[in-house]
Each structure stands twice: as structure tokens, then as C-alpha cells.
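Engineer: Got a structure for you, written out below as C-alpha cells; questions coming shortly.
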Amino acid sequence: MLTRRTFTRAAAGAAALLAVPALRAQSERIVLAQSAPFTGPSAQLGIQFHQGAKLCFAQLNARGGVHRKPIELVRLDDGYEPDRCVENTRKLLADDPLALFGYIGTPTSVAALPVATAAKAPFFAPFTGAMALRQPFNRYAFHLRASYNDETELIVRQLTSRA
């Protein structure tokens, strides 16, 4: 059984999912699914995150993918609207992706996580530091970004050590 620690360790760094065995049966490719804002005032967050992930996966795929399977990142536009994000998440899960990946923002991620949890789908690398996604602990949520609490603590530590 794949544990949170194993999954996070394998996905750390730029080559997420390099050594992760398949959680779900996917024959020809490894599919990751993303709902993010690609239109509206927060569009650049979604666009830039998606482009960076696509670049990383393209480099990985050029080296043969993961266990000789290419990674494919599918996406839907949620416009940074929680209700649209939930609808997108249900649509994406219907295609049985390996994981939900790279959701952008607190309101959309908070809305989507219960849907992912109900489907027992990994919710990997949401772009938010909100504690609402960390407490209570959720075994399906895999955070790469530090929490806002951790970020603030380090900022204060840095500022007070400089004084």
C-alpha cells in the first residue's frame, strides 16, 4: 500500500511521481487531472502553474516517462470559482486519473478536497497554504507548499534575527 510519506518523498523536487507505483490501473499513460483558473482575474496563477508542470512532465516523458508510461496532465477551467471547481473535479474523477494535481487557491481547493476524499483520490500539490486543507489531517491531501502558518513563522524568525 502506498503511504502518504512514500508518495510525498517520491514526488519531491521537480520530477513529481518519478518512482511512484500506480495507485490506479492506467494502461498506456499516467493521467493527472487539474482544475484551475485559466480565465478571470486569477488566470495567470493557473496558466503559469500548468505551464511549469507541463514543462516538467515533458522533460520526464522525453526520458521515457514513469515506468515507460508518459505523464499526461488534463485540465479544466474553474475561473477560481468553488462551485465550478467542484463540478470540474467530479468530471475529472469520472475519467479515473491517478491523482488530482495542482489545484490553485484556497476557496477552490477547500471545495474540491471533500470530493477527492470521497473518491479516495490523491489531492496532490494544491497551490495554497491554508490550514483548512491541513487540519484535520486528510490522508488524501499531499502538500508540497508550506502552510501559511509555517511561512509566517519563518518570516518573523528572519525579521527578528536581523534586528
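Quick note: the coordinates plus some simple rules give every number you see, no bench work behind them. Everything quoted here is computed from the prediction, not taken from an experiment. For neighbour counting, all protein chains shown are included, and Cβ atoms are generated from backbone atoms with ideal geometry for every residue, glycine included.
Engineer: Under unit Cβ charges (Lys, Arg +1; Asp, Glu -1), what dipole magnitude, rounded to 20 debye, does region 115-163 have relative to its Cα centre?
Structural biologist: About 120 debye.
Engineer: Then there's this: Among the lysines, which have Cα under 17 Å from the Cα of K91 when same-chain residues fewer than 8 positions away are ignored?
Structural biologist: Candidates past the 8-residue exclusion: K120.
Engineer: Which order, highest average first, do 73-80, 38-45, 95-102, 62-69 follow once you tally other Cβ atoms within 10 Å for each residue and take the mean per peptide?
Structural biologist: Packing proxy ranking, top to bottom: 95-102, 73-80, 38-45, 62-69.
Engineer: Tell me, what is the FRET efficiency for S161 and S27 to the nearest 0.05, using R0 = 41 angstrom and their Cβ-Cβ distance as r?
Structural biologist: Efficiency, from the Cβ-Cβ distance: 0.15.
Engineer: Scan around F127 for amide H atoms under 5 Å from its own, H built in the peptide plane at 1.01 Å from N, and keep only partners 5 or more places away or cross-chain.
Structural biologist: Y103, I104, G105
Engineer: Right, something else. Lysines near K69 by alpha-carbon distance under 18 Å, same-chain residues fewer than 8 away left out - which ones?
Structural biologist: Of all the lysines, those that pass the test against K69 - Cα under 18 Å, at least 8 places apart if same chain - are K54.
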